[in-house]
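The structure under discussion appears below in the form of structure tokens.
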Amino acid sequence: MGKAWTDGAKAPMALKEHAHLRDPFRYRLKRKLLGNPINRHSLSDQRLSKKSAFGILSSDCISSSAYGGEQILVALIPAFGLAAFAIFPPMVAIILAMLLVITFSYRDVIATYTRTGSAYIVAKENFGTKVSLVAAIELMFGYIITVAIQSAAGVAAIISAFPELSDIKVEITLAVVVLLTFVNLRGVKDAGLIFVLPSYLFIFSMFTVFGFGIYRHSTGTLPNYATQSEGLLPLGESQGLISLAAALLILKAFANGSASLTGLEAVSDSVPLFKSPEHKNARTTLALMALTLGTLITGIAWLAQKTTAVPYAEGTPTVISLVAKAALGDSAFGNIFFYIVQAGTTFILFAGANTCYNAFPNLVSMVAKDGFLPKRLTQRGHRLAFSNGIIFIAGGASILVIVSGASITALAAIYALAVFVGFTITGLGMARKTLREKVSGNRKDLFRLALHSLSGSIALITVIILSAVKFLEGTWIVVIGTPIVAALMLNFNRQYMREREALLLTASHQRATSIARHDVSVLVDSVDIATIGAIRYARSLNPRNLRAIHFVIDDRRAENLKRDWSEAAALSDVSLELIDCPDRRIPNAVVDYAIRSTETPDVELTLLLPRRAYSRFLGRLLHDQTAEEIARPISQLPRVVATIVPFDVDRILSGERLLTDEKSKVDEAPKALTEEKPLRAQSEFLSDKSRASHFEENITPIGAITWRKRAHVQGHVTSMRSSPQSGAPGVEIEVWDETGGVKLQFLGRREIAGLEVGSIMRAEGMVGEHEGALTILNPSYELLN
């Protein structure tokens, strides 16, 4: 185009968006199901307030109260009969004491590791790689099992209200897992809004049950359940507590009851999800969660003892439904509110499963960043959630549901063992950290050391008990599976390390000297528009020598190609070389040709391989994939580059347009254009003598700025380009709002402090032009985020 500063030349324009790639069917389906993609700069909007975080993250812990006490009775009643209800309160008291110690320990973990306080991070810093892998594996096991057990427990609550659904328990549980997966693929914020209210509904409904229970107990109207009804667990014979058998049975009951404390770690694993200040909000949420859990465990256990609620062998009706029924009575209100309690129980259990969809993807993302899991687990998906992590946990939970038959008892021990290994590593890791920091004699340091040592020791004892008494009932999966998975993760890491070393930039590589002689050879098989396109691209590389190469495997085909080549006017300046390939192994022949062509050390060879893309199914059936087979070995040769030049035949045949004028929608993009002051009319601006042209205060839409006039614009920084180190310093950026884009050039500097792609910037200056686009040179500016 003509020089824009010359009179009569075409005036420069603001940058405008042009055509976009047409969305494929798979993407359109994803957008239909999950909604429009969320702008990545809206990530901070996906953070959780304390209210939302309590509803989402505490649900895992709070919901364990729905079955933790029941699992103690499941172990005690067949062994001790009705005497189990005398042993029950002391065991609950031990569980509550453990809750208190572990809660204080984790509050200190969050205060120390303010970004994320997972057992993986604590172990990595204080014990090293191998122990941190054990912590990561146990956390992953725990989260996967949580989804399975909480979903199964929620379905059990439904079946307690509607027993006729018991035959399809597994199918309903799988449907719940699928639904939770779908909700979380829509993003953390959507999942939070759905599961905040059920958490509060459960707490409200259970506190109401406790109130009715206390009232009915004080008035003597709280009923006792019959202990010999059909379907109940068989009552064992009362026996002494001193024998070894009795001690083992009590330990087994304690192992079952330890499931009540699962979920405490979810808050420390999910600190990055909180709004700022993250660690303070997380500590507050953890304290409220522990207080609520302790109250629920105490209330349910007290009512279960007072009503002699013996668990059913099939697991339904559940103990929590029995105590709710007894406390609420048979009145119209009691019957209605019973279903509200069951609904609250169901939803809190499902919300507990949902908690893991937040914590698990964050955990595996951290582990993957360290190179112990596939890197794709670090990628955020369509709605800014870690989609691959969500699908990972859903798949694992579904397998467990099918294998266990959605049995809570079968999953509870594995669940508790995995979680308590994490408690052990976290507690002992924090104790070691305190010791390494040279504990002074003050009470605070001594308290921290005692607290974490006690927390880790209690958890370690629990791990030993669970591993021993529950080994044949499922904990063998954790005991045996952990070293196998650890070996696999270490293998992943070794592979990543080898790849990193292979790509390591050395001093000799950094010299990046230019090759004096650059030759280009185009591998041809026919004369068509794909070949013409490859030759045109080859010319643009300005090679010293440009050749067309055909490897002869069919003499007649080669003769026809030679004739067509000589008749094509567009190829008159390119020589065609025919090379014999007697064994028809074209990749070998190409490698041999490349080696011979680069025998001189100052020669670099580029091989261009035209690739004609056909339909996926018929294309593979009717055509070979020679280009890929050739490029693979060529990439291993020094000073040889294989470039595939694609040509889409299938799109020509279908007539489908590649580009569309319709832009893909993106949700929740932060607004760049703000109208803090009303835009003034042009006539008013021109009549304002005092302002002259030294500064424009009012923000103008970028699409409305005018060449050779001052403009004050605001928008998102969409690209940044710095001049090379060998050139004059300069930075060029593009700023866009909803109406268009403009270039900003900053001369004499190589960077702008605090500026990142995606930042919102406000700039003011004289509008000029550069290469036909409106450009503001060295504007005054302000970064708004």
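The values are calculated or read from the model by the stated rules, or taken from the named source; none is laboratory data. Keep in mind that what you see is a predicted model, and the values were worked out from it rather than measured. Every residue, glycine among them, receives a Cβ derived from its backbone with ideal geometry; neighbour counts consider all protein chains shown. Please note that ligands, DNA and RNA were not included when accessible areas were found on the heavy atoms of the full protein model with its side chains. Shrake-Rupley method; radii C 1.70, N 1.55, O 1.52, S 1.80 Å.
Condition check ((1) touching a Lys or Arg at 6+ places or on another chain (Cβ under 8 Å); (2) modelled with pLDDT under 90; (3) exposed (fewer than 11 other Cβ atoms within 10 Å of the Cβ)) across all residues:
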position: Val522; (1), (2), (3): yes, no, no
position: Ala530; (1), (2), (3): yes, yes, no
position: Ser572; (1), (2), (3): no, yes, yes
position: Cys581; (1), (2), (3): no, yes, no
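One line per residue, one yes/no per condition, for (1) under 18 Å from Val92 (Cβ atoms); (2) modelled with pLDDT of 85 or more; (3) open to solvent by less than 10 Å² (accessible area, probe 1.4 Å):
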| position | (1), (2), (3) |
| --- | --- |
| Gln305 | yes, yes, no |
| Ala332 | no, yes, no |
| Tyr339 | no, yes, no |
| Gly344 | no, yes, yes |
| Ala359 | no, no, yes |
| Leu363 | no, no, yes |
| Val367 | no, yes, yes |
| Leu373 | no, yes, no |
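For the condition hydrophobic (A, V, I, L, M, F, W, C), at pLDDT 85 or above and crowded, with 18+ Cβ neighbours inside 10 Å, what is the one hit in Val178, Val196, Val147, Val188? Of the residues listed, the single one that is hydrophobic (A, V, I, L, M, F, W, C), at pLDDT 85 or above and crowded, with 18+ Cβ neighbours inside 10 Å is Val147.
For region 124-144, the set of residues classified as open to solvent by 10 Å² or more (accessible area, probe 1.4 Å) and not hydrophobic (A, V, I, L, M, F, W, C) consists of Lys124, Glu125, Gly128, Thr129, Lys130, listed by residue number. Screening Leu460, Leu451 for residues that are touching a Ser or Thr at 6+ places or on another chain (Cβ under 7 Å), at pLDDT 85 or above, surrounded by fewer than 22 Cβ atoms within 10 Å (Cβ to Cβ) and under 27 Å from Phe360 (Cβ atoms) leaves exactly one candidate, Leu460.
Find all pairs meeting these conditions: Cβ atoms under 8 angstrom apart; at least six residues apart or on different chains; first residue within region 121-140 and within 17 Å of Leu488 (Cα to Cα); second residue open to solvent by 10 Å² or more (accessible area, probe 1.4 Å) and among the polar types (S, T, N, Q). Final answer for the pair search is Val134/Thr482; Ile137/Thr482; Glu138/Thr482. Listed conditions (1) within 23 Å of Ala148 (Cβ to Cβ); (2) open to solvent by 10 Å² or more (accessible area, probe 1.4 Å) are all met by Lys470, apart from (2). Could you tell me whether any residue of region 107-119 is over 30 Å from Leu33 (Cβ atoms), open to solvent by less than 10 Å² (accessible area, probe 1.4 Å), touching a helix residue (DSSP H, G or I) at 6+ places or on another chain (Cβ under 6 Å) and not small (Gly, Ala, Ser)? Among the residues of region 107-119, at least one is over 30 Å from Leu33 (Cβ atoms), open to solvent by less than 10 Å² (accessible area, probe 1.4 Å), touching a helix residue (DSSP H, G or I) at 6+ places or on another chain (Cβ under 6 Å) and not small (Gly, Ala, Ser), which makes the answer yes. Would you confirm whether or not region 162-172 contains a residue that is farther than 25 Å from Ser404 by Cβ, assigned to a helix (DSSP H, G or I), open to solvent by 80 Å² or more (accessible area, probe 1.4 Å) and modelled with pLDDT of 85 or more? So far as region 162-172 goes, no, none of its residues is farther than 25 Å from Ser404 by Cβ, assigned to a helix (DSSP H, G or I), open to solvent by 80 Å² or more (accessible area, probe 1.4 Å) and modelled with pLDDT of 85 or more. The set of residues in region 131-144 that are among the small types (Gly, Ala, Ser) and either at pLDDT 85 or above or touching a Leu at 6+ places or on another chain (Cβ under 7 Å) (or both) comprises Ser132, Ala135, Ala136.
Figure legend. Inter-residue proximity from region 630-655: first residues within 18 Å of Ile549 (Cβ to Cβ), second residues at pLDDT below 70 and open to solvent by 40 Å² or more (accessible area, probe 1.4 Å), beta-carbon distance below 8 Å, spacing 6+ or different chains. Indicated pairs: Arg639/Ile515. When each of Pro374, Pro317, Pro311, Pro361 is tested for being touching a residue at least 60 places away in the same chain (Cβ under 8 Å), under 30 Å from Asn493 (Cα atoms) and not polar (S, T, N, Q), the lone residue that passes is Pro374.
Scanning region 607-643 for residues that are touching a helix residue (DSSP H, G or I) at 6+ places or on another chain (Cβ under 9 Å), open to solvent by 90 Å² or more (accessible area, probe 1.4 Å) and among the basic types (Lys, Arg), which turns out modelled with the lowest pLDDT? Out of the qualifying residues, it is Arg616. Across region 739-759, the number of residues qualifying as under 30 Å from the mean Cα position of the chain (by Cα) and acidic (Asp, Glu) comes to 1.
Checked against (1) farther than 20 Å from Ala313 by Cβ; (2) under 49 Å from the mean Cα position of the chain (by Cα); (3) modelled with pLDDT under 80, Ile214 meets all criteria but (3). Considering region 397-424, and only residues there that are open to solvent by less than 20 Å² (accessible area, probe 1.4 Å) and modelled with pLDDT of 85 or more, the residue that is nearest to Arg31 (Cα to Cα) turns out to be Ala397. On the basis of being surrounded by fewer than 24 Cβ atoms within 10 Å (Cβ to Cβ), in contact with a helix residue (DSSP H, G or I) (Cβ under 7 Å, 6 or more places away or on another chain) and in contact (Cβ under 8 Å) with a residue 12 or more places away in the chain, does Gly381 make the cut? For Gly381, the condition - surrounded by fewer than 24 Cβ atoms within 10 Å (Cβ to Cβ), in contact with a helix residue (DSSP H, G or I) (Cβ under 7 Å, 6 or more places away or on another chain) and in contact (Cβ under 8 Å) with a residue 12 or more places away in the chain - is met.
Within region 80-106, track down each residue that is open to solvent by less than 10 Å² (accessible area, probe 1.4 Å) and over 37 Å from the mean Cα position of the chain (by Cα). Those that are open to solvent by less than 10 Å² (accessible area, probe 1.4 Å) and over 37 Å from the mean Cα position of the chain (by Cα): Phe80, Gly81, Ala84, Phe88.
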